[in-house]
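Engineer: Please read through the structure below; I'll follow up with questions.
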Amino acid sequence: MQHDLPLPKRIDVDQIVEHSFKDYHVKGFDYLCLQRSPEETVKLYFFDGDISKLPEVVAPHNHRYDFETYVAAGLSENVWFTRSATRPEHQGQIFNWFEYRTKLNGGNGFTFAGEEELFEAKRGRFGTGESYFMHAEDLHTIRIVQNETLLVLVQFEDIVPLDKPTWTYCRGTAPSLDGLYTKFTADEVISRLRKFEERTGIAFSSIGARSAA
């Protein structure tokens with residue numbers, strides 16, 4: 001079992017409830033925010049159900065921030081894209097390009113911006129204990145290779161301001177956001193933390209109105 005993940009020593013269940021969401025971006029993708037600050041935010045990502053059968057969890061996209069992803073359990077694949085061919089034999093695909101302003105920060109979701117050809121630059125498979133770093137401008141998507149995969153993501157300070165959009169590339173229309181981003185109860189957060197502990201052998205100490213310890 002891995003015990004060197006970049007996790008806070010203590011967590012506050014009430015704050016996790018405030019900043020966490022079920023069905024984050026897509027059904028079956030749940031997100032617990034363990035620690036939040038402008039400089040560093042630590043997230044747990046849970047992937048359950050049929051999500052491992054999907055060719056990709058979300059459409060290719062960039063981010064507002066640099067981040068590092070750690071596989072706490074299971075197996076995940078990261079796919080990097082570029083807007084220009086790195087070798088002549090590489091064949092790109094035409095995507096619909098959308099500007100994205102998340103509703104979690106008061107935005108209006110997806111706005112069509114045009115078409116763009118993307119090329120797959122590389123893909124890597126990462127298992128328990130492995131990690132990879134992403135720059136804010138990198139275009140990528142992920143594929144979950146094993147069900148119940150658990151990821152830890154460390155998000156660094158914003159590079160793209162909140163009033164500026166990020167980019168998402170879809171082969172068709174923009175995905176629907178209906179029914180996504182629902183809130184956890186404290187009991188549901190504790191259940192998720194217990195699941196993480198069972199899968200990884202890592203126990204949390206907690207504070208707040210309810211305790212996961």
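The values are calculated or read from the model by the stated rules, or taken from the named source; none is laboratory data. The structure presented is a predicted model; accordingly, all values stated were derived computationally and were not measured. Because the Cβ atoms are built from the backbone with ideal geometry, glycine has one as well, and the counts that use them run over all protein chains shown. The protein model used for the area step is the full one, side chains on, heavy atoms only, and it has no ligands, DNA or RNA in it. Shrake-Rupley method; radii C 1.70, N 1.55, O 1.52, S 1.80 Å.
Engineer: Kindly provide the trypsin sites (Lys or Arg not before Pro) of the range 1-51 that DSSP labels as loop, not H, G, I, E or B, and whose Cβ sees at most 10 other Cβ atoms within 10 Å.
Structural biologist: Answer in residue order: LYS9.
Engineer: Here is a further query. Answer with one residue from ILE94, GLY49, TYR65: the one whose Cα lies farthest towards the positive end of the charge dipole of the chain, charges on Cβ with Lys, Arg +1 and Asp, Glu -1.
Structural biologist: The residue sitting most towards the positive pole is GLY49.
Engineer: Please find the FRET efficiency linking LYS164 to VAL58, where r is the Cβ-Cβ separation and R0 is fixed at 22 Å, and quote it to the nearest 0.05.
Structural biologist: Numbers: r = 20 Å, r/R0 = 0.89.
My answer for the efficiency is 0.65.
Engineer: Given the convex hull of the Cα atoms of the range 1-104, what is a quarter of its surface area in nm²?
Structural biologist: On the way: hull surface 37.8 nm².
Directional mean of the projected Cα hull area for the range 1-104 stands at 9.5 nm².
Engineer: If the chain between GLU117 and LYS9 were fully stretched, how many nm would it gain, using 0.36 nm times the residue separation less the Cα-Cα distance? Intermediate results must be reported in sequence, preceding the final value.
Structural biologist: Working: separation 108, 0.36 × 108 = 38.88 nm, distance 4.41 nm.
Length gained, GLU117 through LYS9: 34.5 nm.
Engineer: Here is a follow-up. Please compute the net charge surrounding TRP167, taking Lys and Arg as +1 and Asp and Glu as -1 over other residues with Cβ under 13 Å from its Cβ. Walk me through the numbers on the way to the answer.
Structural biologist: Values: positive: ARG64, ARG83, ARG101, LYS164; negative: GLU99, GLU115, GLU116, GLU137, ASP138.
Summing Lys/Arg as +1 and Asp/Glu as -1 gives -1.
Engineer: Could you give the angle, 0 to 90 degrees to the nearest 10, between helix 186-200's Cα long axis and the longest principal axis of the Cα atoms of the chain?
Structural biologist: 80
Engineer: On to the next question. So, R0 is 35 Å and r is the distance between the beta-carbons of THR185 and ILE94; what FRET efficiency does that work out to, to 0.05?
Structural biologist: On the way: r = 43 Å, r/R0 = 1.23.
Efficiency, from the Cβ-Cβ distance: 0.20.
Engineer: Hey, can you find the accessible area per residue of the chain for me, probe 1.4 Å, expressed in square angstrom? All intermediate terms of the calculation are to be shown ahead of the outcome.
Structural biologist: On the way: 10640 Å² over 213 residues.
Here the per-residue accessible area is 50 Å².
Engineer: Treating only the Cβ atoms of Lys and Arg (+1) and Asp and Glu (-1) as charged, compute the dipole magnitude of the chain about its Cα centre; round to the nearest 20 debye. Don't skip to the answer; put the middle values down first.
Structural biologist: Values: 24 positive and 32 negative charges, 68 e Å.
Around 320 debye, computed over the chain.
Engineer: Quick check: net charge around ASN62, other residues with Cβ under 10 Å of its Cβ, Lys/Arg +1 and Asp/Glu -1? Mind showing how you got there, number by number?
Structural biologist: Numbers: positive: ARG64; negative: GLU137, ASP138.
Net charge around ASN62: -1.
Engineer: Placing +1 at every Lys and Arg Cβ and -1 at every Asp and Glu Cβ, with all other atoms neutral, what dipole size does the range 1-115 have around its Cα centre, in debye to the nearest 20? Provide the component values of the computation, followed by the final result.
Structural biologist: Values: 12 positive and 17 negative charges, 36 e Å.
Using Cβ point charges on Lys, Arg, Asp and Glu, the range 1-115 gives about 180 debye.
Engineer: What is the percent carbon and sulfur in the accessible area of the chain, measuring with a 1.4 Å probe over the protein chains and ignoring ligands? It would help to have the intermediate numbers written out before the result.
Structural biologist: Values: 5090 of 10640 Å².
Answer for the chain: carbon and sulfur cover 48 percent of the accessible area.
Engineer: When each pair of different Cα atoms in the chain is counted once in the 1/r mean, what is the Kirkwood radius in angstroms, to one decimal? Display every interim value, and only then the final one.
Structural biologist: Details: mean 1/r = 0.0555 Å⁻¹.
Evaluated over the chain, this radius sits at 18.0 Å.
Engineer: When we measure straight from the Cα of LYS183, which lysines land under 30 angstrom away, once same-chain ones fewer than 8 places off are left out?
Structural biologist: LYS9, LYS22, LYS27, LYS43, LYS53, LYS103, LYS164, LYS195
Engineer: While we're here: Let me check the size of the range 109-158 from its C-alpha atoms; what are the radius of gyration and Dmax in Å?
Structural biologist: Answer for the range 109-158, Rg first and Dmax second: 14.2, 39 Å.
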